[in-house]
1. Compute the Rg to Rh ratio over segment B:74-178 from the alpha carbon atoms, using the Kirkwood formula for Rh, and round to two decimal places.
2. Points 7 angstrom from Cα along the Cβ direction at residue A:24 and residue B:77: gap in nanometres?
3. Using only Cα positions of chain B, each an equal point scatterer, no hydration layer, compute I(q)/I(0) via Debye at q = 0.13, 0.16, 0.18, 0.19 Å⁻¹ and quote the log10 values to two decimals.
4. In nm to one decimal, list the spacings between the residue A:130 label point and its equivalents in the other copies, with label points set 7 Å along Cα to Cβ, shortest first.
5. How big is the shadow of the Cα convex hull of segment B:3-65, averaged over all directions, in nm²?
6. Could you grab the relative contact order for segment A:69-178? Cα pairs under 8 Å, six or more apart, rounded to a whole percent.
7. For chain B, take the longest principal axis of its alpha carbons; what is the angle in degrees between that and the long axis of helix B:33-43, to the nearest 10 within 0 to 90?
8. Return the FRET efficiency for the residue pair residue A:121, residue B:13: r is the Cβ-Cβ distance, R0 is 30 Å, and the value is rounded to the nearest 0.05.
2 protein chains.
Amino acid sequence: MTREERRHQLARLIQEEPFISDRELAQRFGVSVQTIRLDRASLGIPQLRERTRKLARMAYSQLRSVGADEVVGELLEMELGRRALSVMETTERMALSGSGVVRGHHLFAQANSLAVSVIDASQALTGRARLRFVKPVRVGERVVAVATVVRQRQGRFWVDVESRVQGEPVFQGRFLVVVPGP
Amino acid sequence: MTREERRHQLARLIQEEPFISDRELAQRFGVSVQTIRLDRASLGIPQLRERTRKLARMAYSQLRSVGADEVVGELLEMELGRRALSVMETTERMALSGSGVVRGHHLFAQANSLAVSVIDASQALTGRARLRFVKPVRVGERVVAVATVVRQRQGRFWVDVESRVQGEPVFQGRFLVVVPGP
DNA sequence: TCCGGCCTTAGCACCAGGTGCTAATCCCCG
DNA sequence: CGGGGATTAGCACCTGGTGCTAAGGCCGGA
């Protein structure tokens, strides 16, 4: 096995089994621990503890964001009752397995949560929506959504959301957001 | 502060901030590291690294299991190209914090994934959709969605989805699902 | 044949964040 | 004033590393 082959396999193995130590890796590849260290260094793969910490923080932030992610994606601008803007990074887990195409409901989730949060009311709910998925979004692309309140009448708000990737429209939606009760 | 008080607070603090070392804990409570160690031991709280590993494994198992959910919810019936039925349990994390009302995009996700999967094609994508959120769904309710293919014409399928809780409609949607290609 | 390079291995000191143990102190109460 | 629980200190040791220096092994070219 050449060095390049080993490094490729090493990267893949660590990807699949993040909780593996250098010692174990060395045994699996039949090389010394030092070689594994060099390989990791050249591949920019952090040490076991670092990898573990990263995963743990993911779990933790997810636990935290039960309730914390009022907005799906990251809220960038907010003019309450008028306009809001958010950005969402797309990842593999948002795609149909293997296809690399982000599933529609993630785009909808970003747009919907933005549309609801732009309304200046704690109890806003989506009533109706009309959507167009203009162009498939691929994993890794950053989706920027802009929500604009276009009309409002006593507790009923029409909000338009347009999402773009690199300036190109990928999704359009019109949401009727209602605030129940007077 | 009595020892019991300190231990109570210690347990709570670690619960809230799992990534805290004994050193930091010692500083916060103004005691020595050894005292913290004794406290942890008597409370059965594992060391930082152990706590981190536990969280990381949670994240990892979650990561593994996502991507597998081609259908959001559980698929109960499937007549490819005609009709499909799924059920989704709603949990606290699907709700706006505190409100107890499930957010629209979870209903949409169930409906959308069902609409896409009822189509007999690997590369089906949502093109357009029209939605009505008829009635708020509360956390803990089981949402049953039925998707019916109502019309189809060369790679374009209209799919109606109706979701109910206890027989009562909560969501209706009409999806245009497209299968790209020839 | 020998030499230069690349790859690999070895060895050592050091690090964080601990465990496990023993030995001192503190401080309060009777 | 003494006794005892609570606290602290000190030391050796552990894992899973980093960073550095030094030494081999092997292969191709002159």
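The values are calculated or read from the model by the stated rules, or taken from the named source; none is laboratory data. Fair warning: this is a prediction, and the values are worked out from it, not measured in the lab. Cβ coordinates were reconstructed from backbone atoms using ideal geometry, including for glycine residues, and neighbour counts include every protein chain displayed. These area figures cover heavy atoms from the full protein model, side chains too; ligands, DNA and RNA do not enter into them. Shrake-Rupley method; radii C 1.70, N 1.55, O 1.52, S 1.80 Å.
1. 0.99
2. In this crude label model, residue A:24 to residue B:77 measures out at 4.6 nm.
3. For the requested q values the scattering log ratios are -0.74, -0.91, -1.06, -1.14.
4. Computed spacing set for this position: 0.8 nm.
5. 4.2
6. This gives 29 percent for segment A:69-178.
7. 60
8. Once rounded, the FRET efficiency stands at 0.25.
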